[in-house]
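The values are calculated or read from the model by the stated rules, or taken from the named source; none is laboratory data. These figures come from a predicted structure and were not determined experimentally. Positions of Cβ are backbone-derived with ideal geometry, glycine not excepted, and every protein chain shown enters the neighbour counts. The protein model used for the area step is the full one, side chains on, heavy atoms only, and it has no ligands, DNA or RNA in it. Shrake-Rupley method; radii C 1.70, N 1.55, O 1.52, S 1.80 Å.
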Amino acid sequence: GEDVEQSLFLSVREGDSSVINCTYTDSSSTYLYWYKQEPGAGLQLLTYIFSNMDMKQDQRLTVLLNKKDKHLSLRIADTQTGDSAIYFCAETDYGQNFVFGPGTRLSVLP
Amino acid sequence: DVKVTQSSRYLVKRTGEKVFLECVQDMDHENMFWYRQDPGLGLRLIYFSYDVKMKEKGDIPEGYSVSREKKERFSLILESASTNQTSMYLCASSPGLGETQYFGPGTRLLVL
């Protein structure tokens, strides 16, 4: 079946940029997503990108998509302690499949 | 704004008890999902429903059943709870299959 992979942990210092990476296998992916999960909470949709785009920016968040390499990244500028969370990458082919990655736990150090 | 609510944030049950987890969405979404989340295993799909009274097994349906009598409500049932069902349970809904999923706050279940 289709697969989405992420590294499990990332630590950054407050004020630095964070880059969370994701790779996927589905060549018919239509939308790719980033969700954020704060401790003890559900998943909150952060942003998404349509597969015919290569970049999307929303305030401190920048999403980059390399469709050829099937690589998605989320850059958080000026990372704050409130950004500490688990970040899930997900993709859909807009058919039956909606696949989540394992999540990357971002720790922001003071 | 899409709102997905779950009946309890925390639940403690004993082994062998029947457990009901309820999920309600207010956006008239066709599809609803139940996942469990465990450390190191990510999200695993238990069951989903694409219409009232319709259900499909996900990746780990054993030990669970579901009920969707009304479009807005999707219930997850543990017929006889076991300690290995201690987990975080997340409900989600989407307008159509493969479309954006919106999540509830989660229910953390502890089975003693």
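In region B:68-112, which residues have a backbone nitrogen under 14 Å from the label point lying 7 Å from residue B:41's Cα in the Cα-to-Cβ direction?
B:82-90, B:109-111
With θ set to phi - 60°, apply the Karplus curve 6.51 cos²θ - 1.76 cosθ + 1.60 along region B:8-25 and write out the HN-Hα couplings as whole Hz, x wherever there is a Gly or Pro.
Using θ = phi - 60°, the values come out as 9, 8, 9, 8, 10, 10, 9, 3, x, 6, 8, 10, 10, 10, 10, 9, 10, 10 Hz.
Could you give the Stokes-Einstein D for region B:12-112 in µm² per second, using the C-alpha Kirkwood radius, 10 °C, 1.306 mPa s? Kindly include the intermediate steps, with their values, before the conclusion.
On the way: Rh = 13.5 Å.
After rounding, the answer is 117 µm²/s.
What accessible area per residue comes out for the protein assembly as shown, rounded to a whole number of Å², with a 1.4 Å probe?
The answer is 49 Å² per residue.
What number does region A:8-106 give for Rg over Rh if you use C-alpha atoms and the Kirkwood radius?
Working: Rg = 13.0 Å, Rh = 13.7 Å.
Ratio value, two decimals: 0.95.
Give the long-range amide H neighbours of residue A:30: residues separated by 5 or more places, or on another chain, with amide H under 5 Å away, using H modelled in the peptide plane at 1.01 Å from N.
A:92, A:93, A:94
Would you work out the Kirkwood radius for region A:41-91? I mean one over the mean of 1/r across all pairs of different Cα atoms, in Å. Don't skip to the answer; put the middle values down first.
Working: mean 1/r = 0.0826 Å⁻¹.
Here the Kirkwood hydrodynamic radius works out to 12.1 Å.
Please count, across chain B, the pairs of lysine residues with Cα atoms under 13 Å apart that sit 8 or more places apart or on different chains. All intermediate terms of the calculation are to be shown ahead of the outcome.
Working: B:53/B:70; B:53/B:71; B:55/B:70; B:55/B:71.
Within chain B, the lysine pair count is 4.
Given a cut-off of 13 Å, what percent of all Cα-Cα pairs of region B:51-103 lie beyond it?
Working: 940 of 1378 pairs.
Considering region B:51-103, 68 percent of its Cα-Cα pairs are separated by more than 13 Å.
If packing is taken as the average number of other Cβ atoms within 10 Å across a peptide's residues, how do B:26-35, A:83-92 rank, most packed first?
Most protected by this proxy first, the peptides run A:83-92, B:26-35.
Please get the size of the charge dipole for region A:1-91, origin at its Cα centre, with Cβ charges of +1 on Lys and Arg and -1 on Asp and Glu, quoted in debye to the nearest 20.
180
To the nearest 10 Å², what's residue B:73's accessible area with a 1.4 Å probe?
100
Sequence-distant or interchain residues sharing an amide H contact under 5 Å with residue B:8, placed H: which?
The list, which skips near neighbours in sequence, is B:22.
From the backbone phi of region A:3-14, what are the Karplus-calculated ³J(HN,Hα) couplings (6.51 cos²θ - 1.76 cosθ + 1.60, θ = phi - 60°) in whole Hz, Gly and Pro given as x?
9, 10, 10, 9, 6, 7, 9, 8, 10, 9, 8, 3
In region A:41-65, what residues drop by 30 Å² or more in accessible surface going from the chain by itself to the full protein assembly, probe 1.4 Å?
A:42, A:43, A:45
May I ask for the accessible area buried between chains B and A, both sides summed, probe 1.4 Å, to the nearest 100 Å²?
Working: alone 6100 and 6110 Å², together 10830 Å².
Chains B and A together bury roughly 1400 Å² of accessible area.
Under Stokes-Einstein, with the Kirkwood radius over Cα pairs standing in for Rh, what whole-number D in µm²/s applies to the protein assembly as shown at 10 °C and 1.306 mPa s?
Translational D for this selection: 88 µm²/s.
Taking all protein chains in place and a 1.4 Å probe, what share, in percent, of the accessible surface of the protein assembly as shown do carbon and sulfur account for?
Reported share for carbon and sulfur atoms: 48 percent.
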